[in-house]
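These notes are about the structure you will find just below.
The values are calculated or read from the model by the stated rules, or taken from the named source; none is laboratory data. What you see is a predicted model, and the numbers here were worked out from it, not measured in a lab. Because the Cβ atoms are built from the backbone with ideal geometry, glycine has one as well, and the counts that use them run over all protein chains shown. What goes into the accessible areas is simple: the full protein's heavy atoms, side chains included, and nothing from ligands, DNA or RNA. Shrake-Rupley method; radii C 1.70, N 1.55, O 1.52, S 1.80 Å.
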Amino acid sequence: MATLVSSTRSETVGRAEANAPFLRTAIASFPEIAACFVEGGSEAAVDGALSLAGDNVSAQLRRRRHALALAVALADLGGEQPLEWVTATLSDFADAAMDDAIRAAMLERVPDEEPRGLAVLALGKLGSRELNYSSDVDLVMLFDPATLPRRPGDEPGEAAVRYGRRFIELMQQRTHDGYVARVDMRLRPSPEVTPIVLPAGAAISYYESSALPWERAAFIRARAAAGDLELGRSFLQEIRPFIWRRALDFGAIQQIRDISLRIRDHYAQGQAFG
C-alpha cells in the first residue's frame, strides 16, 4: 500500500514538472521538498518547507514561500488535501511571515527592545484565511504611541512609518529568491493622504464618525494577523459596533444594495469579451 501511495505521488510530481513551468522551477530549486512529498506526504512536505533557512530574514521568508507553494500545489494537484487545507496553509504562512517581518523591521532599529505596539490587520482573503497562490494581502497597520519602541528623538508616528516601510520591503521586494507577498495598503482610511501606519486612537475615531459604507463592508472579514495581536484585537473590538450595526435604516439598506450592484457590475464587465 505504501509503495502504491508513493508511486501515485511520484506521478503527481511528474505531471507538475511536465506541465507547470512555475512548479518545474520550484522542483529544480527544492528537490528535497518534492522527495519529501513523495515519501511522507503533504504534511511532511509543508513541514520541510517551513524549516528552510536563509542567510537573513528576507532570504529565509522567500525560500520558505517558494518551497511552501510547491508543497501545497503538489498536495492540491494530487488530490491529497481539500481546498480548505490549501487556503488555510497559505494563509497561516502569510501570518507567520508578516510576524517575522514586523519583528525584523523593529529589531533593526531598536535591537534591545521587545517588538510591540504595532499591529497588522488582515482584510479580504487573508482576513478570512482564504488566500490563494497569487493573492495580494490587504492590510491595515496600526500603532500605539504609548507602547511603540523607538530610538531617542524619534516621534512615534515617524518610527511607526519607518517600521511599516521596512515591513513592506521585506514582504514584497523582489530579489533573486522572489518575493513573499504583494502588499496592498489601500483599504486604510484616505490612503492618498494618510501615513501607511495609523495611530489606533485616530483610526477608531475615524471609523466611528466618518467611515464610508464600503469601509464597513471591508472590515467584515478583518482580523488581527501579525505584530501586536492584543492591540489589533482590542481595536477590532472597539469598532465592532461600526461594522455590525444594531439596526438598519432605509439609507443603510440602500447603501448595501448599491455596493452589491457595483460588485456585480464590476465582475460582469470583467468577464465580457473585448
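List of remarks:
- Every residue from segment 18-28 that is open to solvent by 60 Å² or more (accessible area, probe 1.4 Å) and within 17 Å of Arg63 (Cβ to Cβ): Phe22, Thr25, Ala28
- Boolean, Arg166 is among the basic types (Lys, Arg), within 19 Å of the chain's Cα centre (by Cα) and open to solvent by 20 Å² or more (accessible area, probe 1.4 Å): yes
- Qualifying residue in segment 152-160 (condition: over 21 Å from Ser190 (Cβ atoms), modelled with pLDDT of 95 or more and outside any loop (DSSP other than H, G, I, E, B)): yes
- Inter-residue pairs, beta-carbon under 8 Å, first touching a residue at least 12 places away in the same chain (Cβ under 8 Å) and in segment 153-172, second among the hydroxyl-bearing types (Ser, Thr, Tyr) and crowded, with 18+ Cβ neighbours inside 10 Å, 6+ apart: Leu170/Ser58
- When residues of segment 129-145 are limited to those that are farther than 22 Å from Ala73 by Cβ and more than 8 Å from the chain's Cα centre (by Cα), the one surrounded by the fewest Cβ atoms within 10 Å (Cβ to Cβ): Pro145
- Positions within segment 90-148 being in a helix (DSSP H, G or I), closer than 15 Å to Val197 by Cβ and of a type in the set (Lys, Arg), in sequence order: Arg109
- Boolean, Ala45 is without any contact (Cβ under 8 Å) to a residue 60 or more places away in the chain and in contact with a Phe, Trp or Tyr (Cβ under 8 Å, 6 or more places away or on another chain): yes
- Within the option set Leu126, Leu107, Leu90, being open to solvent by less than 10 Å² (accessible area, probe 1.4 Å) and at pLDDT 95 or above holds for one residue only, Leu126.
- Hits in segment 166-203 - residues which are part of a loop (DSSP other than H, G, I, E, B) and of a type in the set (Asp, Glu): Asp177, Glu192
- For segment 204-217, the criterion of being open to solvent by less than 50 Å² (accessible area, probe 1.4 Å), within 20 Å of Asp99 (Cβ to Cβ) and either assigned to a loop (DSSP other than H, G, I, E, B) or among the small types (Gly, Ala, Ser) (or both) is met by none of the residues.
- Residue, least open to solvent (accessible area, probe 1.4 Å), within segment 226-244, restricted to residues that are in contact with a strand residue (DSSP E or B) (Cβ under 9 Å, 6 or more places away or on another chain), assigned to a helix (DSSP H, G or I) and of a type outside the set (Phe, Trp, Tyr): Gly232
- Test: residue in segment 167-181 that is charged (D, E, K, R) and at pLDDT below 85: no
- Close pairs (6 angstrom Cβ cut-off, 6 or more residues apart or separate chains): β-branched (Val, Ile, Thr) in segment 93-112, modelled with pLDDT of 95 or more and part of a helix (DSSP H, G or I) anywhere: Ile102/Phe167
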